[in-house]
Amino acid sequence: MDQTSGPRPADGRRVVIVTGAAGGIGTAITARLLADGFTVAAVDVNAEGLERLERRHGDASLTTFSFDLTTEAERCVGYIASMLGDLYGLVNNAAVIHIGDALATSDDDWSHVLASNLTAPFQLSRAILPHLLARGAGVIVNLASIGGVIGLRERAAYCAAKAGVLGLTRAMAADHGGSGVRINAVNPGTTETPMVKTVIDSSGDPAATREIWSSRQPVGRMGQPEEIAAAVAFLVGDHSGYMSGSTVTVDGGFSVV
Ligand SMILES: NC(=O)c1ccc[n+]([C@@H]2O[C@H](COP(=O)([O-])OP(=O)(O)OC[C@H]3O[C@@H](n4cnc5c(N)ncnc54)[C@H](O)[C@@H]3O)[C@@H](O)[C@H]2O)c1
């Protein structure tokens with residue numbers, strides 16, 4: 001089936017907003033959705049990263065938007081709709097990491113992680129929903145984490161936020177699945193991106209940490225951003241038309257051992 005064969009406006013475009021598009025997985029998702037024929041509205045707080053993305057693709061189907069989603073989520077969706085018209089989808093990919101158990105998590109740390117990783121995806125989803133419901137078709141894909149299902153050490157706020165994202169995914173799928181809007185999630189495992197590199201580099205022994213983080217997956221390595229993007233593209237595309245409220249785990253087996 002053609003990935004762009006579903007309901008679409010007269011000009012044939014299906015516009016998908018990708019947040020955190022300048023990051024490791026977001027860059028791969030953007031590239032993959034462009035290749036699949038979607039029009040991508042790439043959002044990030046990192047304006048330089050967005051410029052890099054533009055230089056890399058130079059594609060009329062890519063438009064970039066610099067927003068801080070902790071304060072401007074609803075304005076972001078309204079602005080993109082005013083610029084690009086009819087919206088088809090949202091990939092909630094932007095997030096931050098915080099290293100710390102509960103004792104090492106201040107109220108400010110907690111608030112920032114929850115604002116970035118749970119409240120912003122909620123506000124973006126709420127803002128795009130009327131567009132999708134009016135169209136009678138659309139998708140939301142939330143990047144959660146295996147940390148939303150299993151306990152990861154020293155990730156108290158991060159795991160709590162990601163568990164919230166999975167709950168939001170299921171609740172919204174229950175509410176809106178009958179309206180042509182599908183809402184699903186992807187749980188990546190350890191994936192080689194700037195987020196992971198930051199954590200490895202800030203550990204006492206980066207080489208040893210890299211080795212441990214690679215070998216803890218039964219497949220014996222970390223994942224690549226393109227491998228996560230493939231699952232996201234599947235959930236955005238029409239091959240997953242009967243999936244709603246689901247979570248696709250892409251973690252090299254990490255969460256089953
Ligand atoms: N890399 C992993 O191992 C891993 C594992 C599990 C889940 N994930 C999830 O996958 C997604 C992508 O992770 P990644 O590793 O590519 O991270 P990354 O740090 O490479 O990219 C995240 C991007 O989000 C952007 N961002 C953060 N806060 C923002 C805000 N307030 N407004 C706008 N943009 C903002 C950053 O600028 C960055 O470009 C995240 O949701 C992450 O939690 C990643």
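Using the charge dipole of the chain (Lys, Arg: +1 at Cβ; Asp, Glu: -1 at Cβ; taken about the Cα centre), state which of A208, V40, S106 has its Cα farthest towards the positive end.
V40
So, in nm, how far is label S255 from label D107 when the simple model puts each one 7 Å beyond its Cα toward the Cβ?
Modelled inter-label distance: 3.2 nm.
Could you give the longest part of the chain that holds none of the trypsin sites (Lys or Arg not before Pro) found in DSSP loops with at most 15 neighbouring Cβ atoms within 10 Å?
Working: sites that count: R153, R216, R221.
Result for the longest clean stretch: 1-152.
Kirkwood hydrodynamic radius for the chain: how many Å is it when counted over pairs of different Cα atoms?
Final number for the Kirkwood radius of the chain is 18.4 Å.
How large is ³J(HN,Hα), in whole Hz, for each residue of segment 120-130 in order, when computed from phi with the Karplus curve 6.51 cos²θ - 1.76 cosθ + 1.60 and θ = phi - 60°, using x for Gly and Pro?
4, x, 4, 5, 5, 5, 5, 6, 7, 3, x
Could you give the size of the charge dipole of segment 6-92 about its Cα centre, using +1 on the Cβ of each K and R and -1 on the Cβ of each D and E, expressed in debye and rounded to the nearest 20? Please report the intermediate quantities before stating the final value.
Numbers: 8 positive and 11 negative charges, 57 e Å.
The dipole magnitude comes to about 280 debye.
Counting pairs of alpha carbon atoms under 8 Å apart in space and at least six apart in sequence, what relative contact order in percent does segment 26-127 give?
Working: 85 pairs, mean separation 25.7, N = 102.
Result for segment 26-127 is 25 percent.
Based on the Cβ-Cβ distance of E227 and R52, what FRET efficiency does E = 1/(1 + (r/R0)^6) give at R0 = 22 Å, to the nearest 0.05? Mind showing how you got there, number by number?
On the way: r = 21 Å, r/R0 = 0.97.
That pair, E227 with R52, gives E of 0.55.
Could you tell me the calculated FRET efficiency between D175 and Y79, based on Cβ-Cβ distance and R0 = 41 angstrom, to the nearest 0.05? Spell out each step's value before the answer.
Values: r = 26 Å, r/R0 = 0.63.
Between D175 and Y79 the formula returns 0.95.
Quick one: which residues, 5 or more positions from T64 or on another chain, have an amide H under 5 Å from its amide H? H modelled 1.01 Å from N in the peptide plane, none for Pro or chain starts.
A42
Nearest 10 degrees, 0 to 90: what angle lies between the long axis of helix 156-176 and the longest principal axis of the chain (Cα atoms)?
Taking Cα atoms only, the helix is inclined about 30 degrees.
Where does helix 206-215 land angle-wise versus the long Cα axis of the chain, in degrees 0 to 90, nearest 10?
Once rounded, one gets 70 degrees.
For a quick check: with amide H placed at 1.01 Å from N, whose amide H comes under 5 Å from I183's, ignoring anything fewer than 5 positions away on the same chain?
For I183, whose amide H was placed from the backbone, the distant partners under 5 Å are I140, G245.
To the nearest 10 degrees, how steep is helix 24-35 against the longest Cα principal axis of the chain, on a 0 to 90 scale?
30 degrees
In Å², what does the accessible area per residue of the chain work out to with a 1.4 Å probe? Provide the component values of the computation, followed by the final result.
Values: 11290 Å² over 257 residues.
On a per-residue basis, 44 Å².
Calculate the spin-label point distance for R126 paired with S61, positioning each point 7 Å from the Cα along the beta-carbon direction, and give it in nanometres.
3.3 nm
Of the listed peptides 34-42, 101-109, 235-243, what is their order by residue-averaged count of other C-beta atoms within 10 Å, with the highest listed first?
Ranking the peptides 34-42, 101-109, 235-243 by packing returns 34-42, 235-243, 101-109.
Report Rg/Rh for segment 143-257, rounded to two decimals, where Rg is the Cα radius of gyration and Rh the Kirkwood radius.
On the way: Rg = 15.4 Å, Rh = 15.2 Å.
My calculation puts Rg/Rh at 1.02.
Tell me, what ³J(HN,Hα) does each residue in segment 90-96 have, in order and in whole Hz, if you take phi through Karplus 6.51 cos²θ - 1.76 cosθ + 1.60 with θ = phi - 60° and put x for Gly and Pro?
In residue order, the calculated couplings are 9, 10, 7, 10, 4, 6, 10 Hz.
Got a sec to turn the phi values of segment 60-71 into Karplus ³J(HN,Hα) couplings, 6.51 cos²θ - 1.76 cosθ + 1.60 with θ = phi - 60°, whole Hz, x for Gly and Pro?
5, 7, 10, 10, 10, 9, 9, 9, 8, 6, 6, 10
Taking amide H positions as placed in the peptide plane 1.01 Å from N, state which residues far from V250 in sequence (5 or more) or on other chains have amide H under 5 Å from it.
N187, G189
If you roll a 1.4 Å probe over segment 183-222 with all protein chains in place, what percent of the accessible area is carbon or sulfur?
Details: 1130 of 1970 Å².
C and S fraction of accessible area: 58 percent.
The values are calculated or read from the model by the stated rules, or taken from the named source; none is laboratory data. In this text, all values refer to a predicted model and were calculated from it rather than measured experimentally. A quick note on method: Cβ atoms are made from the backbone with ideal geometry, for glycine too, and the neighbour counts reach across all protein chains shown. Heads up: the accessible areas ignore ligands, DNA and RNA and are worked out on the full protein's heavy atoms, side chains in. Shrake-Rupley method; radii C 1.70, N 1.55, O 1.52, S 1.80 Å.
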